[in-house]
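Undergrad: Below you will find the structure I want to go over with you.
The values are calculated or read from the model by the stated rules, or taken from the named source; none is laboratory data. None of these values were measured; they are calculated from a predicted model. Virtual Cβ from ideal backbone geometry, glycine too; neighbours counted across all protein chains shown. Ligands, DNA and RNA are stripped out before the accessible areas are found, and what is left, the full protein with its side chains, is counted by its heavy atoms. Shrake-Rupley method; radii C 1.70, N 1.55, O 1.52, S 1.80 Å.
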Amino acid sequence: MSTAAFDDIRTRAEARLARNTKVKSMIIDRLGLDVEPSVVSDNQPLFGRGLEMDSLDTLEIVVMVNNEYDVLISDDDFEAFGSVNALVDFIEDREAAA
């Protein structure tokens, strides 16, 4: 692997890590959770035993994503709420399609 390819991979990985951290922080702030972003795994479920979000929390996250990233989440996009990674994947997919 060339140095340029390695640098590109590293840059994309760092950008993804930064976005995941930002999304976790935004969720925690928006929902008023008493937890540090560093203890929330990127693959931790947002519902159930994860961050224990409920339907009202979902609405807050939909508004947050729309305001921050100009990405709409519809009722059919429930998979976006599987985890932080799933939500960031959803955001990045929609941004790439725009």
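Undergrad: If you take the residues in the stretch 53-97 that are of a type in the set (S, T, Y) and open to solvent by less than 90 Å² (accessible area, probe 1.4 Å), which one is farthest from D34 (Cα to Cα)? Steps first, answer last, please.
TA: Our first condition is that a residue be of a type in the set (S, T, Y); within the stretch 53-97, this holds for 55, 58, 69, 74, 83.
Filter again for open to solvent by less than 90 Å² (accessible area, probe 1.4 Å), leaving 58, 69, 74, 83.
Working: T58: 18, Y69: 24, S74: 28, S83: 18 Å.
Selected residue: S74.
Undergrad: With the structure loaded, tell me whether L17 is without any contact (Cβ under 8 Å) to a residue 12 or more places away in the chain and either open to solvent by 80 Å² or more (accessible area, probe 1.4 Å) or among the hydroxyl-bearing types (S, T, Y) (or both) or whether it fails that test.
TA: On the way: without any contact (Cβ under 8 Å) to a residue 12 or more places away in the chain: yes; either open to solvent by 80 Å² or more (accessible area, probe 1.4 Å) or among the hydroxyl-bearing types (S, T, Y) (or both): yes.
In short, yes.
Undergrad: Which of (1) touching an Asp or Glu at 6+ places or on another chain (Cβ under 7 Å); (2) of a type outside the set (A, V, I, L, M); (3) within 20 Å of L56 (Cα to Cα) does N20 not meet, given it meets every other one?
TA: Unmet condition: (3).
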